[in-house]
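Only the coordinates and a few stated rules stand behind these numbers; no lab work does. Quantities reported herein were computed from a predicted structural model and do not represent experimental measurements. Counting neighbours? That spans all protein chains shown, and the Cβs are built from the backbone with ideal geometry, glycine included.
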Amino acid sequence: MTLVDTGLSGRLNPDDNIPFPKIEKPQILGCFSINTNRDYEKSAENFRYFRMPHKFPLDLNIGYGLAKSKQELMQDERLDNILQFINSHKDELVSKSDLPSSRGVGEFDFICFRGLLRLLMCTPYEWKEDWCVHATRYKGNIYLSQKETEQKRHDRLNQNENQKKFCAYGFKFEQYCMTYNPSEEPNTSAPVDECEEFCCMYKTKIQGMELLFGAEIDGAISSTVCKNIENKDVLNSLKLVELKCSLRPSNERQQQNFYRFKCRNWWCQSFLVGIQDLMVGYRNDKGFVDEIKHMEVRSLPKMSSNFWTPSQCADFLVRFLQMVKNVLRDVNCPHTVYEFNFDPRSKAIGYRIYRGRSLHTILPDWYVMMLQQRSNLGLTRTVSNM
């Protein structure tokens, strides 16, 4: 199937003084947990607190090979957990109106995960990896879901032992630093369970477009246990923190790569959810962390200014969302999928269309039925009032 050119390029905007787009501060609407079986749970059960370790170095090799990986289990999840959250909060989020002008879920233009937004923000600086984004527009909402490309699938299935180990180091580092009670030491003796997550649902407005998105959150900095975590006012009052584990740069090339890639990714990821604090564990080649350094997210652009700028990242995100909104403006089908592909060599972005039910369908039947039932409630109410 031939790709249709979108007219949007992933190249850097040639305007050096491009203004930063208007982006509202993200607000948390609620939370949920993912258990060891990757099942959705309407609770804050997996919420954790940062606790600085007392003894260094931290050996990230302990328990390696025993950890429960989530890579394989995640491949078919798509937007399932976000849709479960919407269903759990349908009285607050889902419209009962069947009017053509009404959206199914609130006033949101887009519904997705933060990881996809971060991917888009980094596109102007991406020269190696391709990406694929699926989009479905139904009842006024556009659902965006990242699809694994053949290149990324090949890379995932052909990781060498060092690549697997470096990935596992990040999860082990979190185990050393995160606890369910800030007055208690973390349990580092059990095998790491990568499947468990605590996630928050956010809303924000980007250049006039309303977004609803989910994001995995590492935890919060607090000396006491926080009560009523599931309350959105409590969630928005927390000092959330992001944990990162990084090889300590030992030469100029490694230092430049740290600024060019990691600082950019960390800033985009944290900025999207309003997190201001990073706890960075610096490890050596053998997997021992000898220092944890606090970094302010707002300091990352300045220290990396020779390699990337926030305005270029945010500008491409806006232009991509505007393009998708325009391409899908007349679509209203829960099964039709527009597949957008990015080629890092040409920087071109094209799309193809899959109509009707297929393996590419984003929205499951149970979710579509829920939206339709809500619309029917609105229609019934309208008729009864006539």
Next on the checklist: Using just the Cα positions, wrap the range 140-263 in a convex hull and report its mean projected area in square nanometres, one decimal place.
Outcome noted: 12.1
Item to check | Check: the range 197-285 dipole with +1 on Lys, Arg Cβ and -1 on Asp, Glu Cβ, in debye | outcome: 300
Checklist entry - Once the convex hull of the C-alpha atoms of the range 185-322 is built, how many Å³ does it hold per residue, rounded to a whole number? => result 153
Checklist outcome for this item: Mean separation of Cα contacts under 8 Å (at least 6 apart) over the residue count of the chain, i.e. the relative contact order in percent, is 30
Checklist outcome for this item: Farthest towards the positive end of the dipole of the chain, among Gln269, Leu8, Ser305 and with Cβ unit charges of +1 on Lys and Arg and -1 on Asp and Glu, lies the Cα of Leu8
Checklist outcome for this item: Here the gain from full extension of Ile62 to Lys302, 0.36 nm per residue of separation minus their alpha-carbon distance, amounts to 82.8 nm
Checklist outcome for this item: Checked the range 142-213 against the a/c 1.5 cut and the a/b vs b/c comparison, axes a ≥ b ≥ c from its Cα gyration tensor; verdict oblate
Checklist entry - Which value, in debye to the nearest 20, describes the size of the charge dipole of the range 261-386 about its Cα centre when Lys and Arg Cβ atoms bear +1, Asp and Glu Cβ atoms bear -1, and nothing else is charged? => result 320
Checklist entry - How big is D, in µm² s⁻¹, for the chain by Stokes-Einstein at 37 °C and 0.692 mPa s if Rh is the Kirkwood radius over C-alpha pairs? => result 147
Checklist entry - Of Pro57, Tyr169, Ser358, which is farthest on the positive side of the dipole of the chain, counting Cα position, with +1 on Lys and Arg Cβ, -1 on Asp and Glu Cβ, and the Cα centre as origin? => result Ser358
Item to check | Proximal lysines relative to Lys128, as straight alpha-carbon distance under 29 Å, when same-chain residues fewer than 8 apart are discounted | outcome: Lys70, Lys147, Lys152, Lys164, Lys165, Lys172, Lys244, Lys262, Lys286, Lys302, Lys325, Lys347
Checklist entry - Using the reciprocal of the averaged 1/r over all distinct C-alpha pairs, how large is the Kirkwood radius of the range 50-168 in Å? => result 18.0
Item to check | Largest to smallest principal axis extent of the C-alpha atoms in the range 248-386, angstrom | outcome: 71, 38, 31
Item to check | Residues Ser43 and Asn376, FRET efficiency given R0 of 22 Å [Cβ-Cβ distance, rounded to 0.05] | outcome: 0.15
Checklist entry - Summing -39500 (n - 2.57) over the DSSP H runs of n ≥ 4 in the chain and dividing by its residue number, what mean residue ellipticity at 222 nm do you reach, to the nearest 500 deg cm²/dmol? => result -8500 deg cm²/dmol
Checklist entry - Of Asn81, Tyr259, Met201, whose Cα points farthest to the positive end of the dipole of the chain (charges on the beta-carbon: +1 Lys, Arg; -1 Asp, Glu; origin at the Cα centre)? => result Tyr259
Checklist outcome for this item: Mean-square fluctuation maximum in Gaussian network of the chain, Cα pairs under 10 Å, restricted to Asp330, Asp15, Asp130, hits Asp15
Item to check | Distance between modelled label sites at Asp233 and Asn17, nm, 7 Å Cα→Cβ extension | outcome: 4.5
Item to check | Shape call, the range 1-102: gyration tensor on alpha carbons, a/c limit 1.5 | outcome: oblate
Next on the checklist: To the nearest 20 Debye, how big is the dipole of the chain about its Cα centre, given +1 on the beta carbon of each Lys and Arg and -1 on that of each Asp and Glu?
Outcome noted: 640
Checklist outcome for this item: Asp91 and Leu157 label points (each 7 Å along its Cα→Cβ direction) are spaced in nm at 4.7
